[in-house]
Amino acid sequence: MAMDTTSPQSAPRLSMRTRRAIWVWAFLALPVLFYSVIRFYPTIDAFRLSFTDWNLMSKPAYIGLQNYRDMFASAEFWKVFRNTFAYLIIGTPISLLLSFLIAYFLDRIRFGHTFLRALYFLPFITTASAMGWVWRWFYQPAPTGVINSVLGSVGMGQLDFLRSTTWALPSIMVTAIWAGLGFQIIIFMAGLRSIPQTYYEAAKIDGVGDFAILRKITLPLLKPTTVFLVVFSSIGFLRIFDQVYNMTTNDPGGPLGTTKPLVLMIYQTAFNSYQMGAAAAQTVVLFTILLFISLLQLWILRTR
Amino acid sequence: MKRFTKTALLAGTIMASATAASAVDIEYLQYIYDTRVEAVDQLIAKFEEANPDINVKQVTFPYADYQTRVVAANMAGNGPDVLQMFYGWTDSFVNGGVLQPLPKDMFPAEQIEADFFPIVTAMKRGDDYYGLPTAVRSLALFYNKALFAEAGIEGPPETLDQLVDYASQMAVKDSGGNYTTVGLTVEMGGQDHQWWREVLVRQFGGAPYSDDYSTVTYNDAAGVAATQWYTDLTTKHEVGYTGFMDEGQAAFRAGRAAMTIDGTFRLGSFRDIADFEWAVAELPANADGLRSNYASYFANGIGAKSEGEELEAAAKFLAYLSSPEAMQLWLEVVGELPARPEVALTEANLADPIYAPFLKGLEYAHTTTFVEEQAQRQVAMDMANRVFLQGQSVEESVAEAAAAEQAIIDRAR
């Protein structure tokens, strides 16, 4: 019929491409709006707040760089800063090395493979606060703590773990590494599986040894996975909070602040002291560090 | 027809005014704690029965973010009519425009000061009162009667020297040198920081702060002596240490601490202890018989946004919450001590072996005016930890603590 060829509406017909774009954006609008309101706006607002003195109750008063000056002049800030980097610099390499080793060997076994993989993954899906409390009890001195009771029963001395200014941070880091391991193993294994078998077959035919295969084939081809995990794990350690918060509620941030990371400091400044301006300034510092470290790692591990 | 309209109009007006009269809704805010919520529910029921024209709605939040929620609600213009608050938050709530002074005609200051325990003055700013407590808390020494009997000790320690003596007798270590039972829990993060600040420092002849709590004054010989005595509990007398069984109260509950210093608020959780009998005693005196205590309370205040008939209803409800009747109910349901001596110091209460020591403590208690309790507690914890974990001298540690706490106070003022 002749009628069918003309549009019932007088509006100009949109091209297929435009219509598709409108559809796509219609669906994307909601998350974009959502993120703008609950993520981007507060992030940008934090920069503004960091130049103010605000205790939630009064009107924010502009005080210029005072919050930053106070922060950089405070010994506590630098201690927290060092702690945060200790989590990052020790935690990231150890957790990546461990997860790679486990993934590498787990990839080669067939017997119990699924079971072991599930076992490694389990901590990742466990609530961080629940795990924090379990570990907190593991670390107790005898007679409550499992580890110290075992040490005691074989005649060894006690370790103070969470009550020691030296060992509290490593004790917490171990639990954080353990908690993140499962995820990293799964990603590494997916990365290992995605390397085409033909390279390995070719290498075998040429009589290349296992270590050379690892060094020349596996590691270079695993680079995108590694880059992703380095960035992901670094951000995780820089933002560490749950474990520290739950394992040291008696003395938040460990004895003499030896386990306190930046995020816990921000939390305390904002929600215990209600110094929102100072907390915003600390947040800006954390944001800058995260941005800088992520960019640095992307640059170092870029594909040449 | 005209007459019908007139009647209908009249009926309508009457109904409208009747609903208006019964429609005063006020909101009451407190944090979630089962027995407290239960007690307020009962109080609201009684209050509404006596005041059918007022409806009170109880709104509760978890304690962890209670303050934040109050402040956020106030900022959004949804502040409550009546709210419960820790006395230590008064400064920030008054300065932040969360509270308004109690109406002077209904709550004259002289009347308040005559009727309540003296610690109520912590709610006074200038000539205005900003809240009144229903119940108050004080500290006492909890002791495990089974462990006392085992050690052949008759009764609780009367003096600080006896406390050290008994505690060291009851502390037990295994062959590896690890404590299996402590004589006294040593934990600044618990109630010890209050004990050290308002009791020990005073018992050693000092004062923790100037009278208006604006200046830290424990950095002197008395403060150092009190701190030395406290840290000696671990380093010299070996009666216990911080972190044993995670928390002092956990150790006491498990029957592995002979004594612990804690507040009225712990009674509820210690009452479930089935394995042994425990009792309560007044905090030990010093050699001269000087005693002190730390008292604190949650008060009820009126929200700044309340006005007109809501304000009137809020004041009425607050008056009821601080009435003798409400205090008696609070004691029975929550177990906290009444804030009016006439209700608290009854013969029955004074004969009660558990309430009596706490009540005696109230007579000579001090109430610290905190500007930020958590931060000031942290100062005391760090002070003890520097001595315990880093071997810093007590003099230096006290000096460092005094400077840190003074900075916190100055920042807040």
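Please go through region B:24-81 and pick out each residue that is farther than 29 Å from B:G268 by Cα and assigned to a strand (DSSP E or B).
Within region B:24-81, B:V24, B:D25, B:I26, B:I54, B:N55 qualify.
In region B:244-274, what residues are of a type in the set (S, T, N, Q), under 12 Å from B:E187 (Cα atoms) and away from chain A (no Cβ under 14 Å)?
Result: B:T260, single match.
Of the conditions (1) in contact (Cβ under 8 Å) with a residue 60 or more places away in the chain; (2) farther than 19 Å from A:I94 by Cα; (3) in a helix (DSSP H, G or I), A:S294 fails just one. Which one is it?
Status for A:S294: all satisfied but (2).
Kindly establish whether A:F237 is crowded, with 19+ Cβ neighbours inside 10 Å and either in the same structural domain as A:S294 (by TED's automatic domain parsing) or outside any helix (DSSP H, G or I) (or both).
Against the criterion (crowded, with 19+ Cβ neighbours inside 10 Å and either in the same structural domain as A:S294 (by TED's automatic domain parsing) or outside any helix (DSSP H, G or I) (or both)), A:F237 qualifies.
Only one of (1) of a type in the set (V, I, T); (2) out of contact with any helix residue (DSSP H, G or I) (no Cβ under 8 Å at 6 or more places or on another chain); (3) surrounded by 18 or more Cβ atoms within 10 Å (Cβ to Cβ) fails for A:V263. Which number is that?
Of (1) of a type in the set (V, I, T); (2) out of contact with any helix residue (DSSP H, G or I) (no Cβ under 8 Å at 6 or more places or on another chain); (3) surrounded by 18 or more Cβ atoms within 10 Å (Cβ to Cβ), only one is false for A:V263: (2).
Just wondering, is there one or more residues in region B:85-97 that are within 19 Å of B:A314 (Cβ to Cβ), aromatic (F, W, Y) and either within 14 Å of chain A (Cβ to nearest Cβ) or touching a His at 6+ places or on another chain (Cβ under 7 Å) (or both)?
yes
Do you know which residues across region A:250-304 are within 18 Å of A:R48 (Cα to Cα), of a type in the set (G, A, S) and within 13 Å of chain B (Cβ to nearest Cβ)?
A:A270, A:G277, A:A278, A:A279, listed by residue number.
Any chance region A:195-205 includes a residue that's more than 14 Å from chain B (Cβ to nearest Cβ) and not in a helix (DSSP H, G or I)?
Yes, the conditions are met somewhere in region A:195-205.
Quick check: is even one residue across region B:294-313 among the aliphatic types (A, V, I, L, M), part of a helix (DSSP H, G or I) and either assigned by TED's automatic domain parsing to the domain that holds B:Y28 or touching a residue at least 40 places away in the same chain (Cβ under 8 Å) (or both)?
yes
Given the criterion touching a Gly at 6+ places or on another chain (Cβ under 8 Å), β-branched (V, I, T), closer than 30 Å to A:A75 by Cα and assigned to a loop (DSSP other than H, G, I, E, B), identify the matching residue among A:T259, A:T249.
Being touching a Gly at 6+ places or on another chain (Cβ under 8 Å), β-branched (V, I, T), closer than 30 Å to A:A75 by Cα and assigned to a loop (DSSP other than H, G, I, E, B) holds for just one of A:T259, A:T249, which is A:T259.
So which residues in region A:34-57 are away from chain B (no Cβ under 14 Å) and of a type in the set (D, E), if there are any at all?
Residue satisfying the conditions is A:D45 alone.
Output yes when any residue across region A:106-119 is surrounded by 13 or more Cβ atoms within 10 Å (Cβ to Cβ), part of a helix (DSSP H, G or I), touching a helix residue (DSSP H, G or I) at 6+ places or on another chain (Cβ under 8 Å) and not assigned by TED's automatic domain parsing to the domain that holds A:S194, and no when none is.
The answer is no, given that none of the residues of region A:106-119 is surrounded by 13 or more Cβ atoms within 10 Å (Cβ to Cβ), part of a helix (DSSP H, G or I), touching a helix residue (DSSP H, G or I) at 6+ places or on another chain (Cβ under 8 Å) and not assigned by TED's automatic domain parsing to the domain that holds A:S194.
Restricting the search to region A:154-183, which residues are assigned to a helix (DSSP H, G or I) and at the interface with another protein chain (Cβ under 9 Å from one of its Cβ atoms)?
A:L162, A:R163 - these are the residues of region A:154-183 that are assigned to a helix (DSSP H, G or I) and at the interface with another protein chain (Cβ under 9 Å from one of its Cβ atoms).
Report yes if some residue within region A:223-234 is surrounded by 13 or more Cβ atoms within 10 Å (Cβ to Cβ) and in a loop (DSSP other than H, G, I, E, B); otherwise report no.
no
Here are the criteria: (1) surrounded by fewer than 19 Cβ atoms within 10 Å (Cβ to Cβ); (2) under 18 Å from A:T144 (Cβ atoms). Tell me which single one B:G289 does not satisfy.
The single condition B:G289 does not satisfy is (2).
Which residues, counting only those in region A:119-153, are farther than 17 Å from A:M247 by Cα, more than 24 Å from the chain's Cα centre (by Cα) and more than 7 Å from chain B (Cβ to nearest Cβ)?
A:S149, A:V150, A:L151, A:S153
Within the group B:E154, B:E113, B:E158, B:E150, which residue is away from chain A (no Cβ under 14 Å) and under 23 Å from the mean Cα position of the chain (by Cα)?
When all the criteria are applied, what remains is B:E113.
Enumerate the helices (runs of 4 or more DSSP H) found wholly within region B:331-413, keeping only those where 2 or more residues are within 14 Å of chain A (Cβ to nearest Cβ) and in contact with a helix residue (DSSP H, G or I) (Cβ under 8 Å, 6 or more places away or on another chain).
Once the helices (runs of 4 or more DSSP H) in region B:331-413 are filtered for at least 2 residues that are within 14 Å of chain A (Cβ to nearest Cβ) and in contact with a helix residue (DSSP H, G or I) (Cβ under 8 Å, 6 or more places away or on another chain), what remains is B:373-390, B:394-412.
The values are calculated or read from the model by the stated rules, or taken from the named source; none is laboratory data. These numbers were taken from a predicted model, which means no experiment stands behind them. Neighbour counts run over all protein chains shown; Cβ positions are idealised from the backbone, glycine included.
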